[in-house]
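Q: Quick one: the structure is below, questions incoming.
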């Protein structure tokens, strides 16, 4: 029987993996637009095209990665081989993305950008799908699961402070190429530590291997998967757009140097770190689903004040509100996904966490469709093409991306959240004593 100390170490070893997975992908998603569009001449139309192509490639590769992971049988487990092989490849492609060869020009820059963005993104799918698949398997107990998830979200937020909030200052000193090398090595080392110290459960002797078409059919008819997936996709699109647009917003809407974006990003992430424990306490007290909905609603409202910010100080204050809502969503979203995996295992008597987590990951990456459409709208409505040709109203374009599209996306996500529930939640609510009575 494991001791509390060994349980805490098990939670730590798994949770810190979120720090490693977050470092490279957050720098990729947040600063790729700045690096290639604002500085290297890739146009917003080309960028939108790349986002759309990437979203469709993700639609194909994600189920395949999850299926292969679920069917893997080795002396090292199902997930560990994918994590240990995929991590070095992820680091190499990530570093290559931010080290554009000097001899490239014109459309060659766009081709290079698209190739390594897609390679880095698809390898991130491999890593995150296997990492997420370990979660419900390693921590079947809801209480331990909630505590471990709060810990890993805290690690994610620390990673985001490094890879997002501090990156403008770090790249000013070191450049994007060296920064990517340092972040890649750090993130890769942590992922490998997590993979080598997290012990998977051995498959039962009679446990069958999942079949691809049966798994896809079951997913296609699982309404909860689709509802949670779309809610996650619209939320993810909103946050991806905001984080990627901060340097754009600071430069054009506030009229400050892009390095000042560190303060806005830090406000979001530091407040989020402080609020993860608060939202986790809400989950324990009020159950998962109502808290998830409250978090989505709070985040939708939090974007609105940013539209009226006209200085660094007011923007930082408004960004803190975003951090509060953001903390609530990241604290609850993965728990919703774990519930879906639990129900699938109980219903079909198969362990298919890999394909489900990858499918949920694909739904998350549908945000590329929505963010791509937002960039295309900016080009059409405001004439913003790139940093070399920002058009006549780059300030309005920045506010559109930062403060108009995200709350619309969050309202849609909030609407989807009301279409899903779990029997455990209903039972807990029914069993709860009404005001003025005592539990017996």
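Q: Where residues in region 210-235 are assigned to a loop (DSSP other than H, G, I, E, B) and without any contact (Cβ under 8 Å) to a residue 60 or more places away in the chain, which of them is farthest from residue 70 (Cα to Cα)?
A: Here the answer is 221.
Q: Continuing with the same structure: Need pairs with beta-carbon distance below 7 Å; first residue free of Cβ contacts under 8 Å to residues at least 12 places away in the same chain and at positive phi and within region 155-181, second surrounded by fewer than 17 Cβ atoms within 10 Å (Cβ to Cβ) and not in a helix (DSSP H, G or I); sequence gap 6+ or separate chains.
A: none
Q: Report the residue count in region 345-403 for those that are farther than 28 Å from residue 253 by Cβ and in contact with a helix residue (DSSP H, G or I) (Cβ under 9 Å, 6 or more places away or on another chain). Spell out the reasoning first.
A: Step one: list which residues in region 345-403 are farther than 28 Å from residue 253 by Cβ, which gives 345-363.
Pick out the ones that are also in contact with a helix residue (DSSP H, G or I) (Cβ under 9 Å, 6 or more places away or on another chain) and you get 345, 347-348, 350-363.
Of the residues in region 345-403, 17 are farther than 28 Å from residue 253 by Cβ and in contact with a helix residue (DSSP H, G or I) (Cβ under 9 Å, 6 or more places away or on another chain).
Q: Does residue 238 meet the test of being assigned to a helix (DSSP H, G or I), under 20 Å from the mean Cα position of the chain (by Cα) and modelled with pLDDT of 90 or more?
A: On the way: assigned to a helix (DSSP H, G or I): yes; under 20 Å from the mean Cα position of the chain (by Cα): yes; modelled with pLDDT of 90 or more: yes.
Judged against the criteria, residue 238 is a match.
Q: Let me ask something else about it. Any chance you could count how many residues in region 64-79 are surrounded by 21 or more Cβ atoms within 10 Å (Cβ to Cβ) and assigned to a helix (DSSP H, G or I)?
A: Number satisfying all stated conditions: 5.
Q: Would you point out which residue out of 285, 217 is within 17 Å of residue 360 (Cα to Cα) and out of contact with any strand residue (DSSP E or B) (no Cβ under 8 Å at 6 or more places or on another chain)?
A: Of 285, 217, the one residue that is within 17 Å of residue 360 (Cα to Cα) and out of contact with any strand residue (DSSP E or B) (no Cβ under 8 Å at 6 or more places or on another chain) is 217.
Q: Considering only region 1-60, state which residues are over 29 Å from residue 170 (Cβ atoms) and buried (at least 24 other Cβ atoms within 10 Å of the Cβ).
A: Hits for region 1-60: nothing passes.
Q: For residue 85, work out the one condition from (1) in contact with a helix residue (DSSP H, G or I) (Cβ under 8 Å, 6 or more places away or on another chain); (2) at pLDDT 80 or above; (3) closer than 16 Å to residue 129 by Cβ it doesn't fulfil.
A: (1)
Q: Ok, one more. For the structure I just gave you, tell me whether residue 338 is assigned to a helix (DSSP H, G or I) and either under 17 Å from the mean Cα position of the chain (by Cα) or within 14 Å of residue 222 (Cα to Cα) (or both).
A: Yes.
Q: Would you check which residues across region 361-374 are crowded, with 23+ Cβ neighbours inside 10 Å and modelled with pLDDT of 80 or more and list them?
A: Across region 361-374, the qualifying residue is only 374.
Conditions tested, residue by residue: (1) more than 21 Å from residue 37 (Cα to Cα); (2) crowded, with 24+ Cβ neighbours inside 10 Å; (3) touching a strand residue (DSSP E or B) at 6+ places or on another chain (Cβ under 9 Å).
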site	(1), (2), (3)
255	no, no, no
268	yes, yes, no
292	yes, yes, no
299	yes, yes, no
308	yes, no, no
313	yes, no, no
316	yes, no, no
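Q: Taking region 88-124 on its own, how many of its residues are farther than 18 Å from residue 189 by Cα, touching a residue at least 60 places away in the same chain (Cβ under 8 Å) and not in a loop (DSSP other than H, G, I, E, B)?
A: So the answer is 9.
Q: Ok, one more. Which members of region 279-289 meet the condition of being surrounded by fewer than 22 Cβ atoms within 10 Å (Cβ to Cβ) and in contact (Cβ under 8 Å) with a residue 60 or more places away in the chain?
A: The answer is 284, 287.
The values are calculated or read from the model by the stated rules, or taken from the named source; none is laboratory data. Bear in mind the structure is a predicted one, so any value in this text is a computation, not a measurement. Note that each Cβ is placed from the backbone with ideal geometry, even for glycine, and that neighbours are counted across all protein chains shown.
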